[in-house]
Amino acid sequence: MKKKLVVLTGAGISAESGIKTFRDSDGLWEGHDVMEVATPEGWHKNQELVLDFYNKRRQQLKEVNPNLGHIILAELEKDFDVHIITQNVDDLHERAGSTNVLHLHGELLKVRSTQNKNLILDWTEDLFTGDFDANGNQLRPHIVWFGEEVPALEEAIDITETADYFAVIGTSLQVYPAAGLISYTPSTTQVFYIDPKPIAIPNIRNKVETIAKFASEGVADLREKLKSI
């Protein structure tokens, strides 16, 4: 029986593939105020701006590739039951070969009905005003915006509660509820924390091994540490 490795990933791992994150530029995401392009209020205020923003992100995604960090996590499935819980909306984990990926904040290559949150469609091209579901309702990016519930959270908690090992990679542990997942690990679970500028993790009862490196290099270290356990 393979040991269960649960991995929480954030923007840091995608950044190494060339995908920018708003937290790197003073609250701006590709030059836009996140409140304008990543909130329900922004959507209602200027739908065209929001659609154009995510169209550009969707096109950018086609120009980047998984990096070594993504690839090593996929390769770890040979020896571990790997479950990736990601805050990222790109598909780089899947393209690297990971087979168990849960997206907490939605997916860039999907859209959903504005009237039925469960009506979700694969979507690889631009999305425009006038693109409707079968019932005539406007489609929107399948992204969990600030202020919206996180539908996948309960499943993420269930996965975390059965982890033998838990790794945190490329996330500041500042975005909730994702950052709170670590508190659901069993007390016996070994935690690995990979970040070039690690912070103290408050109120954690687990043994934590910190790897103060960028994602790709840190994941390579993680692989060697797991081999030696």
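The values are calculated or read from the model by the stated rules, or taken from the named source; none is laboratory data. In this text the structure is predicted, and so the values were computed from the model without any measurement. Reconstructed Cβ throughout: ideal geometry from the backbone, glycine too, with neighbour counts over all protein chains shown. Remember, those area values only see protein heavy atoms, side chains included, never the ligands or the DNA or RNA. Shrake-Rupley method; radii C 1.70, N 1.55, O 1.52, S 1.80 Å.
Any idea which of V37, W123, I72 is furthest toward the positive side of the dipole for segment 1-146, if Lys and Arg beta-carbons carry +1 and Asp and Glu beta-carbons -1?
So the residue furthest toward the plus end is I72.
Taking R0 as 30 Å, what FRET efficiency do you get between F132 and V208 from their Cβ-Cβ distance, rounded to the nearest 0.05? Mind showing how you got there, number by number?
Working: r = 49 Å, r/R0 = 1.62.
Working from the Cβ atoms, E equals 0.05.
Would you please put 202-210, 95-103, 8-16 in order of how densely packed they are, using the mean number of other Cβ atoms within 10 angstrom per residue and starting with the highest? Provide the component values of the computation, followed by the final result.
On the way: 202-210: 12.4, 95-103: 17.7, 8-16: 25.0.
Listed from highest to lowest mean packing, they are 8-16, 95-103, 202-210.
I229 to Q59: FRET efficiency via 1/(1 + (r/R0)^6), r the Cβ-Cβ distance, R0 25 Å, to the nearest 0.05?
Result of the calculation: an efficiency of 0.05.
I'd like the trypsin sites (Lys or Arg not before Pro) in segment 1-70 restricted to DSSP loop residues with at most 15 other Cβ atoms within 10 Å, sorted by number.
Details: sites: K2, K3, K4, K20, R23, K45, K56, R57, R58, K62; in loops: K2, K3, K20, K62.
Hits after loop and neighbour filter: K2, K3, K62.
On average, how much accessible surface per residue is there in the chain, in Å², for a 1.4 Å probe, leaving out ligands, DNA and RNA? Write down the numbers at each step before the final one.
Values: 11270 Å² over 229 residues.
So the chain comes to 49 Å² accessible per residue, rounded to a whole number.
Carbon and sulfur atoms: what percent of the 1.4 Å accessible area of segment 135-229 do they account for?
Working: 2340 of 4720 Å².
Accessible surface attributable to carbon and sulfur in segment 135-229 totals 50 percent.
Mind checking segment 60-111 for GluC sites (Glu not before Pro) that DSSP puts in a loop (not H, G, I, E or B) and that have at most 12 other Cβ atoms within 10 Å?
Numbers: sites: E63, E75, E77, E94, E107; in loops: E63.
Hits after loop and neighbour filter: E63.
Please list, in order, the residues from segment 48-66 whose amide nitrogen is less than 15 Å from a point placed 7 Å along the Cα→Cβ vector of D33.
Only 49-50 fall inside the zone, counting backbone N under 15 Å.
Could you check how much of the accessible area of segment 39-89 is carbon and sulfur, as a whole percent, using a 1.4 Å probe? Intermediate values should be presented prior to the final figure.
Numbers: 1120 of 2250 Å².
Heavy-atom surface of segment 39-89 belonging to carbon and sulfur, 1.4 Å probe: 50 percent.
On the principal axes of its Cα set, how long, how wide and how thick is segment 16-162? Give whole Å, largest value first.
Sorted from largest, the Cα extents of segment 16-162 read 48, 33, 26 Å.
A 20 angstrom limit on the alpha carbon distance is what I want to check against. Which of K4/K227; K3/K197; K2/K197; K4/K78; K2/K227; K3/K225 exceed it?
On the way: K4/K227 14 Å; K3/K197 28 Å; K2/K197 31 Å; K4/K78 12 Å; K2/K227 13 Å; K3/K225 14 Å.
Correct reply: K3/K197; K2/K197.
By a straight-distance test (C-alpha under 26 Å), which lysines pair with K117 as possible cross-link partners, with residues fewer than eight away in the same chain excluded?
K45, K56, K62
Which percentage, to the nearest 5, of the DSSP beta bridges contained in segment 1-103 is antiparallel? Walk me through the intermediate numbers first.
Details: 2 of 11 bridges.
That works out to approximately 20 percent antiparallel.
Let's test this: bin the Cα-Cα distances of segment 166-229 at 10 Å from zero up to the farthest pair and state each bin's percent.
The percentages, shortest bin first, are 21, 55, 23, 1.
Please report the antiparallel percentage of DSSP beta bridges with both residues in the chain, rounded to the nearest 5. Could you put the intermediate results ahead of the total?
Numbers: 10 of 33 bridges.
Of those bridges, close to 30 percent are antiparallel.
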